[in-house]
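Colleague: There's a structure below that I have some questions on.
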Amino acid sequence: MRAVCWEGKQDVRVEQVPDPHVINPHDAVVRITLTAICGSDLHLYGGFIPTMMPGDVLGHEFMGEVVEVGSAVKRIKVGDRVVVPFTISCGQCFYCKRGLYSACDNTNPNASIPEKLYGYSGAGIFGYSHMMGGYAGGQAEYARVPFVDVGALKVPDHLTDEQVLFLSDILPTGYMAAENCDIQPGDTVAVWGCGPVGQFAIKSAKLLGAERVIAIDGVPERLQMAVNYSGATPLNMEQVDIQEELRELTGGRGPDSCIDAVGLEAHDGLLQTTYDRTKQAMMLETDRPIALRQTIMACRKGGTVSVPGVYGGWIDKVPFGAAFGKGLTIRGGQTHMQKYMGPILERIEAGQLDPSEIITHRLSLNDAPRGYKTFREDKSHCMKVVMRP
Amino acid sequence: MATTTLARKTMQSPPTIADRSWPLTQSDTNIAMPERLGTGTLGAALALGGALRGGLAGWSLAAGGGLMLARAVKGHCACYAALGIGQAAGLTSGIVVRRSVTIDRPAAELYAFWRDLTNLPKIMRHVKSVRPMGDNRSHWVVRGPLGTEIQWDAVTSGERENELIQWHADAAALLTHSGSVAFLPAPADRGTEIHVLLSYQPAGGRAAAALARLFGSEPGQEIADDLRKFKQQMESGEMATNRYH
């Protein structure tokens, strides 16, 4: 089959790889009908995530038709149309039983690597480095899907692929980021980063009852989408002092919750970027926590900092004294997908949101290299790339 | 809480490795006495000679000698500690490894799987086969380095149903070792804690084991990996793999 393979820093290629088959009893094979490039794929593309190997099949946002199932699969049938979550969860361990699916104990065959790095390993993830399991991803014609009964979400025929595809990652990720803010009546939520996860975090914060959502970015077109899509209040970080504007917009109180939807490749075009790039080059720091620093400084006392943006390693100069001094709650982590997909599908069916509105580029899988390059470089016009195999 | 339970239970069992102090007490001393005397004498001589000679070279010599002397007096070598030489259960009883995992299944089910020794090659990467021979004895074939095979007979020396299995290698085995696996109830409804304790004299002595550790075949990691596979199989009904064709 054809698949998008990582061959090195800023080098992805469409290659012929072997067709996947059922290996374990709870597996299925899915013929992929639509797949997407995630913002977190750009971290791989940029070479920021360790343990990638040339030839690794990329992609963790995909959906399609089930064409083969293993002997122990009960709920899912051949022919089902399904969206596949990016995390692989067994459904039986301590964490899965408590709804903490992305912390699954049993699905990372390379768990010993994150154990050395983090103490313990979370769930395996499709197409996201050997540290996260080394599973072949879904930017391909077919994919092997372990524990398909636990993960795959059957979707109704009257919704298009484009309307449901983002249930595979970015929509539940934005939703969980907003839910982690424990939004109360009258709350103001500030969201750093108006990429795809930021857009869905903003939308979800509105759906969950935020009085006002403030969208922060440096790209006017992305801010405009947040205004049009969710009725956000835009703040252009290139033009205003974010801390001062947030304080004045909230009558001196500060936002009740702050969401970092940027993650490890943040930049401010100023001193901090230079500082962190230097530290990265000297191998003294792996991630650039510029947005995280700002969320902690801006948040009101007793508020919540919610982090859907990806971090992989060590960060520096984080104002933890401010987090402690203000008694902040900090929440983050990979999304507990299986907990959110069903309820959010109901919201889509009820017409509360149409996720397909953020799509800007529709490509063939063969155009993946161009898709990655455009998504990385043209932040003004490229919000979300979907590809048909 | 769990350790208290084990200590109480093992008090009633025959004396084996599992009955020694738990958790294992570790001595800082990891250099044997002949080596301590030898390096101590040499260190003292170098320190004295270097100081008398003076100059940069002389004082460097003296400093090196002083370090050797201190190491000998303390009986502790940081390099040996890093390599795992001479530590854990004292100087003479080899290497002791302990690892534990919590599995969200009843102890009886986990005990039954482990007690059928022919199941163990499924979860233990290096074990090729285990053949029960009756009379609490079994024959083990394990993959060694460079495509070799190591074989021995083992004796199940003690067991309490759903709680504990103890074994040791036959006296004729090349790889002298003994071990135990305890099945303890985890708090609330969290399943069963599996505690493995393994003590062994590696083939080729301490030097070979130190080399093996340096080059990645670290026994604690092997046991951790095997226990993880055991957990995956018992909880989720399969062992995770990223193979797809």
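Colleague: Give a residue-ordered list of calculated ³J(HN,Hα) values for region B:144-150 (Karplus: 6.51 cos²θ - 1.76 cosθ + 1.60, θ = phi - 60°; whole Hz; x for Gly, Pro).
Modeller: x, x, 6, x, 7, 10, 10
Colleague: If R₀ is 30 angstrom, what is the calculated FRET efficiency for the pair residue A:320 and residue A:244, using the beta carbon separation as r and rounding to 0.05? Please report the intermediate quantities before stating the final value.
Modeller: On the way: r = 23 Å, r/R0 = 0.75.
Computed FRET efficiency for residue A:320 and residue A:244 comes out at 0.85.
Colleague: How big is the Cα convex hull of region A:279-374 in projection, averaged over all directions, in nm²? Spell out each step's value before the answer.
Modeller: Working: hull surface 39.8 nm².
Reported value for the Cα convex hull: 10.0 nm².
Colleague: If contacts are Cα pairs under 8 angstrom and at least 6 residues apart, what is the relative contact order of region B:148-200 in percent? Walk me through the numbers on the way to the answer.
Modeller: Values: 96 pairs, mean separation 13.9, N = 53.
Contact order relative to length: 26 percent.
Colleague: Is there a simple number for the mean count of other chain Cβ atoms within 10 Å of the Cβ of residues in A:240-251, and what is it?
Modeller: Numbers: counts 0, 0, 0, 0, 0, 0, 0, 0, 0, 0, 0, 0.
The mean count of partner-chain Cβ atoms within 10 Å per residue comes to 0.
Colleague: I need the phi-derived Karplus couplings for region A:206-216: 6.51 cos²θ - 1.76 cosθ + 1.60, θ = phi - 60°, integer Hz, Gly and Pro marked x.
Modeller: So the J values, rounded to whole Hz, are 5, 4, 8, x, 5, 5, 8, 10, 9, 9, 10.
Colleague: Using a 10 Å cut-off around each Cβ of peptide B:225-233, what is the average number of partner chain Cβ atoms that fall inside?
Modeller: Values: counts 3, 0, 0, 8, 2, 0, 3, 9, 1.
Partner-chain Cβ atoms within 10 Å, mean over residues of B:225-233: 3.
Colleague: Separate question: Restricting things to alpha carbons, tell me how big region A:83-241 is in terms of Rg and Dmax, in Å.
Modeller: Just the Cα atoms of region A:83-241 yield Rg and Dmax of 18.0, 50 Å.
Colleague: Could you let me know the centre-to-centre spacing of region A:307-365 and region B:172-200, using Cα atoms, in angstrom?
Modeller: 41
Colleague: Starting from the Cα of residue A:379, draw a straight line to each of the aspartates and glutamates and keep only those under 17 Å, dropping any in the same chain fewer than 8 residues away.
Modeller: A:41, A:217, A:221, A:238, A:265, A:268, A:357
Colleague: Kindly provide the pair-distance distribution of chain A built from C-alpha pairs, with 20 Å bins from 0 and whole-percent values in order of increasing distance.
Modeller: 29, 60, 10, 0
Colleague: Can you tell me the 0 to 90 degree angle between the C-alpha axis of helix A:170-179 and the longest principal axis of chain A, rounded to 10?
Modeller: Once rounded, one gets 40 degrees.
Colleague: Expressed as a fraction of 2.2 N^0.38 Å, the rule-of-thumb size for a compact globular protein of N residues, what is the C-alpha radius of gyration of region A:226-290? Working shown, then result.
Modeller: On the way: Rg = 14.7 Å, N = 65, 2.2 N^0.38 = 10.7 Å.
Dividing the Cα radius of gyration by 2.2 N^0.38 Å gives 1.36.
Colleague: Around residue A:61, which amide H atoms from residues at least 5 apart in sequence, or from another chain, sit under 5 Å from its own amide H, with H modelled in the peptide plane?
Modeller: Residues meeting the criterion, in which the H sits 1.01 Å from N, are A:36, A:138.
Colleague: Would you grab the residues whose amide H sits under 5 Å from the one on residue B:152? Only those 5+ places off in sequence or on another chain, please, with H modelled 1.01 Å from N.
Modeller: Residues meeting the amide H criterion: B:140.
Colleague: Then there is this: Less than 15 Å Cβ to Cβ from residue A:174, Lys/Arg counted +1 and Asp/Glu -1: what total charge do the surrounding residues give? All intermediate terms of the calculation are to be shown ahead of the outcome.
Modeller: On the way: positive: A:203, A:206, A:222, A:331, A:339, A:347, A:384; negative: A:61, A:169, A:179, A:217, A:260, A:354, A:357.
It works out to a net charge of 0.
Colleague: Be a star and scan region A:79-112 for residues whose amide nitrogen sits under 20 Å from the point 7 Å along the Cα-to-Cβ vector of residue A:329.
Modeller: From region A:79-112, the list is A:98-103.
Colleague: Straight-line reach only, C-alpha to C-alpha below 29 angstrom: list the lysines that residue A:373 could link to, leaving out same-chain residues fewer than 8 apart.
Modeller: Leaving aside lysines fewer than 8 places away in the same chain, those within reach of residue A:373 are A:9, A:203, A:279, A:384.
Colleague: Further, regarding this structure: Fully extended, how many nm does the chain gain between residue A:297 and residue A:228 (0.36 nm per residue separation, minus their Cα-Cα distance)? Please report the intermediate quantities before stating the final value.
Modeller: Values: separation 69, 0.36 × 69 = 24.84 nm, distance 2.80 nm.
This chain segment gains 22.0 nm when fully extended.
Colleague: Now for a separate question. Convert each backbone phi in region A:223-230 into a coupling constant with the Karplus relation 6.51 cos²θ - 1.76 cosθ + 1.60 (shift: θ = phi - 60°), then list the ³J(HN,Hα) values in order as whole Hz, x for Gly and Pro.
Modeller: Working through the residues one at a time gives 5, 5, 5, 5, 5, 5, 7, 10 Hz.
Colleague: Can you tell me which aspartates and glutamates have their Cα less than 13 Å from the Cα of residue A:74? Leave out same-chain residues fewer than eight positions away.
Modeller: A:27, A:149
Colleague: Please report how far the C-alpha centroid of region B:105-125 lies from that of region A:57-124, rounded to the nearest whole angstrom.
Modeller: Between the Cα centre of region B:105-125 and that of region A:57-124, the gap is 24 Å.
Colleague: Pull up all non-local amide H partners of residue A:306: gap of 5 or more, or a different chain, and H-to-H distance under 5 Å with H placed in the peptide plane.
Modeller: A:258, A:259, A:260, A:331
Colleague: Net charge near residue A:200: determine it from the other residues with C-beta under 15 Å of the C-beta of residue A:200, scoring Lys and Arg +1 and Asp and Glu -1. Could you put the intermediate results ahead of the total?
Modeller: Details: positive: A:203, A:206, A:222, A:347, A:384; negative: A:61, A:162, A:169, A:179, A:217, A:260, A:354, A:357.
Spelling it out: positives minus negatives among the neighbours equals -3.
The numbers here are math on the coordinates, done by the rules we state, and not lab data. These figures come from a predicted structure and were not determined experimentally. Cβ atoms come from the backbone with ideal geometry, glycine included; neighbour counts cover every protein chain shown.
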